[in-house]
Amino acid sequence: MALPAPTPAPSGTQFASPVPIIGPQYCAPYPVDLSIVRKVLTISDGNFVVTDVNGTVIFKVKGKILTLHDRRVLLDGAGNPVVTLREKIMSAHDRWQAFRGESVEESDLIFSVKRSSILQLKAKLHVFLANNTKEDVCDFKVEGSWSERSCVIYAGESSSIIAQMHKKETVKSILIGKDNFSVTIYPNVDYAFIVALVVILDGINNDDVE
């Protein structure tokens, strides 16, 4: 008896080989579904817990308060720093930068993110890898609305989707002050990179609220 054929990935989203941005260990040859819980009622903004479908903690995000920069650190499940996300002050387009580990040195820059324009009703972010110094064309783009907990991440200026975020709302999550949403990452896409983009989207949203 033949096994049923797997559901094909949407057109244009399948990378034939891994595309590591933060690290190859975060690239899986199959779609990855992650659940993200944002703790709403905390003193420090930007506290997240990221789990897989089995409930295993994959990442945690800790926010840093009382600093000139809005800074957040993405930790792995064991608590080791993976990437530091920092808002660049005095930037017109809400630019954020991502650095390896706990570094904020330019030599450890992995990528940066900025709005495609200053005036926006919905977020449209352009992502530039560190080696893309001219920034004529973005390497990835994020489109969506943080208030709706919905966004789509594309490869470059194309329509090829590499990840999507959806809201998961339960009565329990509202009562205990937690914000639940899920992210689907397509095969061979760096899921640590996608989580970092979601955290930056939250940071830009907080700037809009303030």
Residues with amide H under 5 Å from that of ILE162, placed H, sequence gap 5 or more:
ILE153, TYR154, ALA155
Residue-count net charge about VAL19 - beta-carbon cut-off 14 Å; Lys, Arg +1, Asp, Glu -1
-2
Sort the following peptides by mean Cβ neighbour count (other Cβ atoms within 10 Å, averaged over residues), highest first: 124-131, 188-195.
188-195, 124-131
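Each reported figure results from applying straightforward, stated rules to the coordinates on display, with no laboratory input. Here the structure is a predicted model, which is why all the values come from computation and not from measurement. Here Cβ is always computed from backbone atoms with ideal geometry, including for glycine, and neighbour counts include all displayed protein chains.
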